[in-house]
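Following: one structure in structure tokens, then a few remarks.
The values are calculated or read from the model by the stated rules, or taken from the named source; none is laboratory data. The structure displayed is predicted, hence computed values, not measured ones. Methodologically, a virtual Cβ is constructed for each residue, glycine included, from the backbone with ideal geometry; neighbour enumeration extends over all protein chains shown. Accessible surface areas use protein heavy atoms only, side chains included; no ligands, DNA or RNA. Shrake-Rupley method; radii C 1.70, N 1.55, O 1.52, S 1.80 Å.
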Amino acid sequence: MKKVLLSSIIVIIGITFLGRLSYLQIFSFSPDQLLEDPAIKAIYDYPERGYIYDRNGKLLVGNDPAYDVMVIPREVKPLDTLEFCKLLGVDRKKFIKSLRKARIYSPRLPSVFVPQLSKQDYARLQEKMRHYKGFYIQKRSLRYYDTNSAANVLGYISEVNERDLSKNPEYTQGELTGRTGVEKVYEDTLRGRKGVQYIQKDRFNRDIGRYKDGSLDLEPVQGKEIHITIDKVLQEYGEKLMHGKWGGIVAIEPASGEILSMISGPTYDPSLLVGRKRSANYSKLHYDSISRPTFDRAILAESSPGSPFKTLNALIALQEGAITPNTNIQCYNGFYVGRTKRGCHCGGGLRNMNVGIYKSCNAYFAGTFRKIYERFETTDDAHDVWEKHMKSFGLGNYLGSDLHTGRKGRIPTKEYYDKWYGDNRWSSSYIISNSIGQGEIAVTPIQLANMTAAIANRGHYFTPHLLKKVEGKDITFPDFVKPKHTTIDKHHFEPVVQGMAEVYRRGTARGVQIPDIEIAGKTGTVENFTIIDSVKTQLTDHSVFVAFAPVDKPKIAIAVYIENGYYGARYAGHIASLMIEKYLKGTITRKDLEKRMLERTLLHEYAKPYSGEEFRINEYNWSPRPTPKPEILPR
């Protein structure tokens, strides 16, 4: 009996041991276990990132071959450090720092020692590297740009850091990842999958062949190509027009929400952030605290919208029955708030909606704004309705797009004003600057463009987005193809659209008309404040313009915001008209407008906070009292 029991125990233990071993070998195997074996070496094969094309199939971003010098710290043998550093073009301090960093990461695993050698450097080094044990050269690819534009849209890639490694186990030290723009948002699509070879070593640490005849090796998978919505020609043209100017331009296709161009000025050549000089170039750009070329003004600059905002107040007044298109309001070259007269530049007279829009009459829209609030029993009720309508155009919130960053702007709530004036202690006259898009309202250029697209569509918009195709297939993201409807009934849009069309025919933008294109637009001149030596200082006004064309079947909606650009038609209106013509015709007939924008800059304006020269300010100061939080624009 004892013999049987003892034999049974031995058999059971043996079966358990074999079962556990089989489970670990077959069912619980992980390639990461191989990396823990000192007799196995992993060699990675990094794939090319996916190519990026514009909406018409024109190449924006491709790849160029490059080479990294890799190191496996425990395999490094004594060497002539000075000679090796000279060969690689690094100093001894950099050599010691890089080797220490590699040891901290892993003594056994390969790390990038010197990244991104050129083809010329590789040809010079490849034969000599065999003399330096523990070092070898690994091929990879770097981004190649077939344009010197769209840096803010495309983004850039850089080496993963400790945080990336801890968040994503698929990354290895020295790998590259998208940091901004399309490269970041669609990293998983563009990145592909790296390949790996497992090499067996003998007890003398010599390579003896592939582990298990390569059965566990993985082939690299190239990243997927994508088409984005940007029009390469339009983007490049817009950036030329923005030379010497600061601000943002966003153009959208109203029927789809596809972003045709997204321009930030000043900008930079995206190729500056590629190669061994990437870090130095990025530091130079990032720490430019005056012009801030890495600050994407198209989606981050929050400013008052100015007169384009009048169109929304007109729509709200129509929706709430406060006015009709034929309602007349008298302009006395301005109007009174209490005993204080607020100025207007329309020339004075009796104004209806059409004239109020194309002459941009401040008095008309101040009166319209009051009529909205007078429809309700309390200011709180009126403001809730006004806020709801405004936010239905995508203002005061993130648009939910596939942009890598952005700001939501501000549509002030009643709680916002209660904080400053007290509950039930303010009325429409306190916030009358909102009637013309000044005061506490803040929007980004992309929100202005989206608002314009909603007007062009007569009451709905599609989420602005950048992705068009992946591997040649159209995207079908529900958020991008489902229309978002405003709270304004469709029939109210036509009189406002006609007023915007008159802006070009005989209004404030008549000087920037384009032959054979019916355009609807709205000029804007925005007060501009900043802090200089701890004093709130008014600077030269911003130039703002929104437009869409053709009027009846819109193909493009655009918003242009130019810092310190004087008045709406002077810079922003010129640029908007030229870009509309470029997109719809492919050529430019208004060579006079083009010549001005290509030759003129505003650099002298941007130097004034430092030179002490006087600013040109709006003669019609619209702040009825010191605003709670005046907009301070990024410098």
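Of the three principal axes defined by the Cα atoms of region 245-319, the extents in descending order read 59, 29, 16 Å.
Among (1) 100, 58, 55; (2) 110, 72, 50; (3) 132, 84, 46, find the value of Cα extents along the principal axes in Å that was calculated from the structure presented, and write down its label. Checking each listed value against the structure points to (2).
In this structure, the residue pairs whose Cα-Cα separation is over 20 Å, taken from K388/K490; K240/K591; K77/K119; K58/K582; K484/K585; K310/K388, are K77/K119; K484/K585.
For region 321-376, averaging the sequence separation of C-alpha pairs within contact (under 8 Å, six or more residues apart) and dividing by the residue count gives a relative contact order of 38 percent. Candidate membrane-span-like segments in the chain, meaning DSSP H helices with Cα atoms spread over at least 24 Å of their own axis and a Kyte-Doolittle mean of -0.5 or above, are 2-22, with no membrane implied. Applying the criteria of a DSSP loop state and at most 13 other Cβ atoms within 10 Å to the GluC sites (Glu not before Pro) of region 99-185 yields E127, E170. If you sort H491, H465, H460 by accessible surface, 1.4 Å probe, largest first, the order is H491, H460, H465. For the pair region 492-506 / region 558-583, the C-alpha centres are spaced 18 Å from each other. Ellipticity at 222 nm from helices only: DSSP H runs of n ≥ 4 in the chain, each -39500 (n - 2.57), divided by the residue count, give -9000 deg cm²/dmol.
For the chain, the Cys residues with no second cysteine's beta carbon closer than 4.7 Å are C85, C331, C344. How many angstrom lie between the Cα centre of region 43-95 and the Cα centre of region 207-256? Cα centroid to Cα centroid, the span is 20 Å.
Spin-label model, E127/N326: points 7 Å from Cα along the beta carbon direction are separated by 9.3 nm.
Rolling a 1.4 Å probe across all protein chains gives L448 an accessible area of roughly 10 Å². Ranking W420, W386 from most to least accessible surface, computed with a 1.4 Å probe over the protein chains only, gives W420, W386.
Of V355, V185, the residue with the largest accessible area leads and the full order is V185, V355 (1.4 Å probe). Scaled against the 2.2 N^0.38 Å expected of a compact globular protein of N residues, the Cα radius of gyration of region 272-397 reads 1.55. A DSSP coil position with no more than 10 other Cβ atoms inside 10 Å describes the following trypsin sites (Lys or Arg not before Pro) in region 176-249: R203, R206. In the context of the full set of protein chains, residues of region 41-145 present 52 Å² of accessible surface per residue (probe radius 1.4 Å, heavy atoms only).
Taking all protein chains into account, the per residue accessible area for region 368-418 stands at 45 Å² (1.4 Å probe). Extension gain, T81 to Q538, is 158.6 nm, computed as 0.36 nm per intervening residue step minus the present C-alpha separation. Projected label points at R590 and N148, each 7 Å from Cα along the beta carbon direction, are separated by 2.7 nanometres.
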